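**Q** Below: one structure in structure tokens.
The values are calculated or read from the model by the stated rules, or taken from the named source; none is laboratory data. Source: prediction; values computed, not measured. All Cβ positions, even for glycine, are placed from backbone atoms using ideal geometry, and neighbour counts span all protein chains on display.
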Amino acid sequence: MDVSSSLLRRGREAAGVGVLAAALAVLAAAPGHAQTSKFDGLRGCERYGAVQFKRRDPAFRRFRVERNSVTADRYARMIGNQFVATIYSGKAVYDGGGGSKLVHFICLHGGIGKGPLFVYTLAD
């Protein structure tokens, strides 16, 4: 009886360690998918702005945010019927038919899953 109970106990311990290792692996991998940075939001703002500007200006080439000038304000409130998580503002380069020019921009971002809601530029 002692031999069989010892083997049974070792089997349970090994199974417990295996389950614990699997749980730790899942927990360690999960946060990597949910993490975002300010630059992920800015890329979305650049893409959204480029689509909007191309619709209005056929000569438009590209919209590039100057990342070192950006401020990110965590807003997390409703504006009208839209939830705005972050407001990005700073300088950007607007490359249109007349060449590149430095502009100020504002981007209202809805957060993960929503993406950018509004991008607007003002001449410098």
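**Q** Looking only at residues in the range 64-85 that are among the small types (Gly, Ala, Ser) and part of a strand (DSSP E or B), which one is nearest to Gly111 (Cα to Cα)?
**A** Residues of the range 64-85 that are among the small types (Gly, Ala, Ser), as a first pass: 69, 72, 76, 80, 85.
Remaining after also requiring part of a strand (DSSP E or B): 72, 76, 85.
Details: Ala72: 12, Ala76: 9, Ala85: 5 Å.
Step by step, filter the range 64-85, then rank; the result is Ala85.
**Q** Name the single residue that is surrounded by the most Cβ atoms within 10 Å (Cβ to Cβ) among those in the range 105-114 being modelled with pLDDT of 95 or more and either basic (Lys, Arg) or in a strand (DSSP E or B) (or both).
**A** Cys107
**Q** Further question on the same structure: Quick check on the range 38-61: of everything there that is within 13 Å of Ser89 (Cα to Cα), touching a Lys or Arg at 6+ places or on another chain (Cβ under 9 Å) and among the hydrophobic types (A, V, I, L, M, F, W, C), which residue is surrounded by the fewest Cβ atoms within 10 Å (Cβ to Cβ)?
**A** Only one residue tops the list, namely Phe39.
**Q** Applying the selection to the range 73-104, what residues are farther than 22 Å from Phe53 by Cα and either surrounded by 10 or more Cβ atoms within 10 Å (Cβ to Cβ) or not small (Gly, Ala, Ser) (or both)?
**A** Of everything in the range 73-104, those that are farther than 22 Å from Phe53 by Cα and either surrounded by 10 or more Cβ atoms within 10 Å (Cβ to Cβ) or not small (Gly, Ala, Ser) (or both) turn out to be Asp73, Arg74, Tyr75, Ala76, Arg77, Met78, Ile79, Asn81, Phe83, Ala85.
**Q** Another question, if that's okay. Among (1) in a helix (DSSP H, G or I); (2) modelled with pLDDT of 95 or more, there is one condition Gly18 misses while meeting the rest; what is its number?
**A** (2)
**Q** Report, by residue number, each residue of the range 71-101 that is basic (Lys, Arg) and touching a residue at least 24 places away in the same chain (Cβ under 8 Å).
**A** Lys91
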